[in-house]
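K.L.:
My questions all concern the structure below.
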């Protein structure tokens with residue numbers, strides 16, 4: 001995913017309004033962009049709040065800034081500047097993070113970030129995009145980087161292997177069943193899809209939705225999701241994020257006048273205090289194919 005980020009920036013580098021700012025990260029990854037466009041590449045060091053303010057100034061002057069750093073530092077630390085300098089003024093700044101959720105599992109809680117989507121969902125004007133395969137980032141970044149809206153791209157460490165056709169603001173219906181509605185974001189779409197295939201052989205059929213744009217979800221996709229939930233009356237949402245404020249809350253908001261049973265599979269209201277690998281954290285939080293199957297049976 002990060003390699004695609006670098007490749008996409010190079011391919012868009014002829015756009016003289018594109019400016020890249022990093023927080024002392026990915027120097028080697030972005031070296032080609034820096035060499036080709038040294039006057040549009042800035043390493044501002046460990047100064048994420050100042051980086052946000054500088055980006056807002058660039059956007060005021062009709063540039064398209066791209067800010068890149070680790071999620072807890074670029075979102076949690078710089079939230080005030082994102083709110084006041086960027087979103088309040090409605091400026092087109094692109095924030096590209098790595099290390100969200102527990103991707104940096106071995107570095108412990110200081111490097112975890114499982115509330116970034118919740119934080120940014122509260123901000124008017126903010127767009128939130130969560131691609132989970134290289135082609136998705138490439139397509140969605142090209143569609144949005146110059147639309148003059150503040151946009152957050154959450155780049156996960158793990159990718160899925162599914163054939164998706166992402167469009168900004170749209171959900172994809174990957175499987176149609178009718179027994180239960182399942183909505184997954186990020187890499188967990190792979191586990192959700194694999195779980196649905198296994199369940200279908202046992203007579204349980206799922207509507208599987210993949211949402212790569214968390215905010216906004218456009219009208220046609222909202223209606224498609226609502227129609228599925230009206231049909232099944234049962235919903236499972238899956239995310240590598242806190243169950244508070246993520247895709248589960250977004251779907252509940254758009255389906256607020258429908259009666260249905262909703263189970264949220266994600267990170268419960270707790271800190272992940274144990275050290276371990278990404279896969280171990282997924283197992284601990286039931287973010288696995290087997291965990292999803294168990295949750296579906298529980299709902300049914």
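The values are calculated or read from the model by the stated rules, or taken from the named source; none is laboratory data. Keep in mind the model is a prediction, meaning the values are calculated, not measured. In this analysis, Cβ positions are derived from the backbone assuming ideal geometry, glycine residues included, and neighbour counts consider all displayed protein chains.
K.L.:
Taking the condition assigned by TED's automatic domain parsing to the domain that holds residue 148 and out of contact with any helix residue (DSSP H, G or I) (no Cβ under 7 Å at 6 or more places or on another chain), does residue 56 pass?
P.N.:
Here the answer is no, as residue 56 does not meet what is asked.
K.L.:
Could you figure out which of (1) surrounded by fewer than 24 Cβ atoms within 10 Å (Cβ to Cβ); (2) modelled with pLDDT of 95 or more; (3) on the phi > 0 side of the Ramachandran plot isn't true of residue 108?
P.N.:
Single failed check for residue 108: (2).
K.L.:
Looking at 232, 213, which one is closer than 19 Å to residue 300 by Cα and either touching a residue at least 40 places away in the same chain (Cβ under 8 Å) or out of contact with any helix residue (DSSP H, G or I) (no Cβ under 7 Å at 6 or more places or on another chain) (or both)?
P.N.:
232
K.L.:
Considering each residue of region 9-28, count those that are surrounded by 13 or more Cβ atoms within 10 Å (Cβ to Cβ) and within 27 Å of residue 77 (Cα to Cα), and give that number.
P.N.:
The qualifying residues number 11.
K.L.:
Next question, about the same structure. Would you be able to say whether some residue in region 39-46 is over 22 Å from residue 130 (Cα atoms), touching a residue at least 24 places away in the same chain (Cβ under 8 Å) and more than 24 Å from the chain's Cα centre (by Cα)?
P.N.:
yes
K.L.:
Taking the conditions exactly as written (free of Cβ contacts under 8 Å to residues at least 60 places away in the same chain and either surrounded by 23 or more Cβ atoms within 10 Å (Cβ to Cβ) or outside the structural domain of residue 16 (by TED's automatic domain parsing) (or both)), does residue 149 satisfy them or not?
P.N.:
No: the conditions fail for residue 149.
K.L.:
Tell me which of these residue 191 doesn't satisfy, since it passes every other one: (1) touching a helix residue (DSSP H, G or I) at 6+ places or on another chain (Cβ under 6 Å); (2) without any contact (Cβ under 8 Å) to a residue 40 or more places away in the chain.
P.N.:
(2)
K.L.:
Can residue 254 be described as in the same structural domain as residue 197 (by TED's automatic domain parsing), closer than 16 Å to residue 196 by Cβ and touching a helix residue (DSSP H, G or I) at 6+ places or on another chain (Cβ under 7 Å)?
P.N.:
no
K.L.:
Taking region 34-55 as the search range and keeping residues that are in contact with a strand residue (DSSP E or B) (Cβ under 8 Å, 6 or more places away or on another chain) and part of a helix (DSSP H, G or I), which one is surrounded by the most Cβ atoms within 10 Å (Cβ to Cβ)?
P.N.:
55
K.L.:
Would you confirm, using the coordinates I've provided, whether residue 117 is in the same structural domain as residue 21 (by TED's automatic domain parsing) and surrounded by fewer than 22 Cβ atoms within 10 Å (Cβ to Cβ)?
P.N.:
When the stated conditions are applied, residue 117 does not pass them.
K.L.:
Of the conditions (1) surrounded by 15 or more Cβ atoms within 10 Å (Cβ to Cβ); (2) at pLDDT 95 or above, residue 31 satisfies every one except a single condition; which number is it?
P.N.:
Here residue 31 clears every test but (1).
K.L.:
One residue is enough: does region 228-235 have a residue meeting the conditions within 29 Å of residue 105 (Cβ to Cβ) and modelled with pLDDT of 95 or more?
P.N.:
Yes, region 228-235 contains at least one residue that is within 29 Å of residue 105 (Cβ to Cβ) and modelled with pLDDT of 95 or more.
K.L.:
Does residue 287 qualify as being touching a strand residue (DSSP E or B) at 6+ places or on another chain (Cβ under 9 Å) and in a loop (DSSP other than H, G, I, E, B)?
P.N.:
Yes.
K.L.:
While we're looking at this one, here's another question. Is region 184-196 home to any residue that is at pLDDT below 95 and not assigned by TED's automatic domain parsing to the domain that holds residue 122? First the steps, then the outcome.
P.N.:
Step one: filter region 184-196 for residues at pLDDT below 95, giving none.
No, region 184-196 has no match at all.
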